[in-house]
Amino acid sequence: MSRSGLVYGLLAYGLWGFIPVYFIAVAPTGAFEIVALRVVCSLVFCVILVAATRTLSGLVALLRQRRVVLAMGLAGLIIYLNWQVYAYGILSDRVLEAALGYFINPIVTVLLGVIFLRERLRLVQWIAIAISAVAVVILAVGYGTLPWISLALAFTFGIYGLIKKQVGGRVDAVGGLTIETAWLTPIAVVQLIVVGATSGLTFGHISGWHTVLLLCSGVITAVPLLFFAAAARRLPLTYIGLLQYLAPVLQFVFGAFILDEPMPPERWIGFGLVWFALVILTVDMLASGRAPRKVSLEPAT
């Protein structure tokens, strides 16, 4: 195992785990403005990065592949929904529900493999899925409604990973993010116009520090992704698969013990069942020598 790979992996998932801190730091900016600015700033940062790393020829080669460009456009729309739901969850004091979504995601990824790729699951994997379903029911009772933020995050990111899998290894991290954000930028610009015409934009109207933080959203989006790409090249997928739990664990700790979000007994039971299902899935993964797909390991946050 590469030590540098482990460091890159810890940095990637650690930064993703602290994303809620960033969203709270840019208050009172709303979810729609944050996500739209994130897209625009990410595109600017990616263009600078492509120029600095002299990878323009590779990006142009990708743009000539119509299937790849269309797939990245669809993936961009799905991840845009994911970002929007995540930002709404964090800013509406539902960090725990958002964290639950990324705990559930590996299980949803396995289920989507059965539905769309006709993969066959072992009995142990079916047991993990069944336990997760029971957990969702218990949490629904605890919340008084379905934990829709968790389910939306898990399924949108699972579908995003499924689309990326169809593209395969032809798209690198920077190239893929550049194409996705290029597709989304017109939508983001329209969204900013609508926000400005209705509730009003906060960008440039709060303080200099606040404006700088919002401008940094592109860096905050791209840097962990680059760390992840570096880790993925140096570590076996088994290690990457285990590291992926670091981000939702950090988010759970932040929501439960720092923001002091309510955790009544039924929520502890629900989360406990999800964690138990993940232990079953992880042990099975290690025993069988397989890991979750690489595309499913990049948190959308």
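The values are calculated or read from the model by the stated rules, or taken from the named source; none is laboratory data. Quantities reported herein were computed from a predicted structural model and do not represent experimental measurements. For neighbour counting, all protein chains shown are included, and Cβ atoms are generated from backbone atoms with ideal geometry for every residue, glycine included.
Summary table
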quantity	calculated
Filtered residues of the range 225-281 (kept if aromatic (F, W, Y) and either at pLDDT 80 or above or in contact with a Cys (Cβ under 7 Å, 6 or more places away or on another chain) (or both))	F227, F228, Y245, F252, F254, F257, W268, F271, W275, F276
Helices (runs of 4 or more DSSP H) contained entirely in the range 201-253, each with at least 3 residues that are more than 19 Å from the chain's Cα centre (by Cα) and touching a residue at least 24 places away in the same chain (Cβ under 8 Å)	208-215
Filter result for T202 (buried (at least 18 other Cβ atoms within 10 Å of the Cβ) and of a type outside the set (D, E, K, R))	yes
Tabulated pairs, the range 61-77, first in contact (Cβ under 8 Å) with a residue 24 or more places away in the chain, second acidic (D, E), C-beta under 8 angstrom, 6+ apart or interchain	M72/E180; G73/E180; A75/E180; G76/E180
Residue tally, condition more than 26 Å from W126 (Cβ to Cβ) and of a type in the set (A, V, I, L, M), over the range 248-281	6
Count of the range 128-153 residues which are small (G, A, S), part of a helix (DSSP H, G or I), more than 23 Å from the chain's Cα centre (by Cα) and at pLDDT below 90	1
Selection status of A277, touching a Leu at 6+ places or on another chain (Cβ under 8 Å) and either buried (at least 19 other Cβ atoms within 10 Å of the Cβ) or not in a helix (DSSP H, G or I) (or both)	no
V190 vs. criteria more than 27 Å from E261 (Cα to Cα), without any contact (Cβ under 8 Å) to a residue 24 or more places away in the chain and in a helix (DSSP H, G or I)	yes
Every residue from the range 254-263 that is surrounded by 14 or more Cβ atoms within 10 Å (Cβ to Cβ) and in a helix (DSSP H, G or I)	F254, G255, A256
Any helices (runs of 4 or more DSSP H) falling wholly within the range 14-122 and containing at least 1 residues that are β-branched (V, I, T) and buried (at least 16 other Cβ atoms within 10 Å of the Cβ)	19-25, 31-53, 66-91, 95-117
